[in-house]
1. With the checklist (1) within 28 Å of residue 34 (Cα to Cα); (2) modelled with pLDDT of 85 or more in hand, flag the one item residue 166 doesn't pass.
2. Between residues in region 1-22 that are closer than 20 Å to residue 178 by Cα and residues that are of a type outside the set (D, E, K, R) and in a helix (DSSP H, G or I), which pairs lie under 9 Å by C-beta distance while being six or more apart or on different chains?
3. Regarding residue 149, is this residue within 11 Å of residue 170 (Cα to Cα) and either touching a helix residue (DSSP H, G or I) at 6+ places or on another chain (Cβ under 6 Å) or not basic (Lys, Arg) (or both)?
4. Could you figure out which of (1) small (Gly, Ala, Ser); (2) touching a Lys or Arg at 6+ places or on another chain (Cβ under 9 Å); (3) closer than 19 Å to residue 140 by Cβ isn't true of residue 96?
5. Please tell me if residue 125 is closer than 20 Å to residue 86 by Cβ and either surrounded by 15 or more Cβ atoms within 10 Å (Cβ to Cβ) or small (Gly, Ala, Ser) (or both).
6. Look at region 2-47 and say how many of its residues are open to solvent by 60 Å² or more (accessible area, probe 1.4 Å) and hydroxyl-bearing (Ser, Thr, Tyr).
7. Find all pairs meeting these conditions: Cβ atoms under 9 angstrom apart; at least six residues apart or on different chains; first residue within region 129-141 and under 14 Å from residue 166 (Cα atoms); second residue assigned to a helix (DSSP H, G or I).
8. Return yes or no: is residue 166 in contact with a strand residue (DSSP E or B) (Cβ under 8 Å, 6 or more places away or on another chain) and β-branched (Val, Ile, Thr)?
Amino acid sequence: EIARFTNKFSVIGLAETNVGPELKNLYELTGYESFYQDTFDSKVKGSGVALYVLNSFNAVKNNNLSQVTENLETLFVTIGSLGNSTSIGVIYRPPSGNAEQALQELSSILDKAPKHTHIAGDFNINLHSNHSSIIAQYEDVLFSRGFFPLISLATHEKPGCNASCIDNIITNDLDSVTASGVITDHI
């Protein structure tokens with residue numbers, strides 16, 4: 001997929017890798033440093049997050065924001081110096097976990113996240129659902145902490161099912177965003 005694009009992405013975030021750090025060398029991308037989070041111990045499938053960051057960015061894993069629980073898996077890196085840094089994260093919320101507990105864990109992470117934070121992930125909360133109290137809770141968690149979702153289009157679609165928006169990018173640094181979108185071949 002990456003070969004289709006003429007420019008390199010600065011960062012690539014992956015959710016549900018099903019691979020932990022012990023196997024990350026199997027999936028190297030030329031010009032990128034890879035970061036893999038541990039997978040959830042009791043899951044063989046539907047676990048794991050990873051980030052690929054251009055080598056020129058000199059990224060460092062941020063253990064303060066990175067975690068693995070049955071409700072939320074996160075991986076964050078910091079790019080740049082202390083005075084001028086950006087945090088990049090990837091999140092996976094397994095649908096088998098407790099959504100309300102995942103939002104509490106997300107709240108704690110966002111409370112610790114510095115300014116200039118961008119997070120991509122599979123949140124498994126359908127923003128296109130009309131009658132869901134979990135959406136209102138999710139939006140409250142984001143907005144009350146100065147984070148905003150950048151994707152409003154369908155990100156997941158299967159024949160015979162309604163299209164949903166369960167994957168997103170959120171940020172507390174709207175001034176640095178020039179564009180966001182969905183790669184439709186992923187759907």
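The values are calculated or read from the model by the stated rules, or taken from the named source; none is laboratory data. Fair warning: this is a prediction, and the values are worked out from it, not measured in the lab. Reconstructed Cβ throughout: ideal geometry from the backbone, glycine too, with neighbour counts over all protein chains shown. The accessibility values were calculated without ligands, DNA or RNA, using every heavy atom of the protein model including side chains. Shrake-Rupley method; radii C 1.70, N 1.55, O 1.52, S 1.80 Å.
1. (2)
2. 8/2; 9/2; 10/57; 11/57; 12/2
3. Details: within 11 Å of residue 170 (Cα to Cα): yes; either touching a helix residue (DSSP H, G or I) at 6+ places or on another chain (Cβ under 6 Å) or not basic (Lys, Arg) (or both): yes.
Criteria met by residue 149.
4. Every listed condition holds for residue 96 apart from (3).
5. no
6. Residues meeting the conditions: 4.
7. 129/135; 132/138; 134/99; 134/100; 134/103; 138/99; 138/103; 138/106
8. Values: in contact with a strand residue (DSSP E or B) (Cβ under 8 Å, 6 or more places away or on another chain): yes; β-branched (Val, Ile, Thr): yes.
For residue 166, the condition - in contact with a strand residue (DSSP E or B) (Cβ under 8 Å, 6 or more places away or on another chain) and β-branched (Val, Ile, Thr) - is met.
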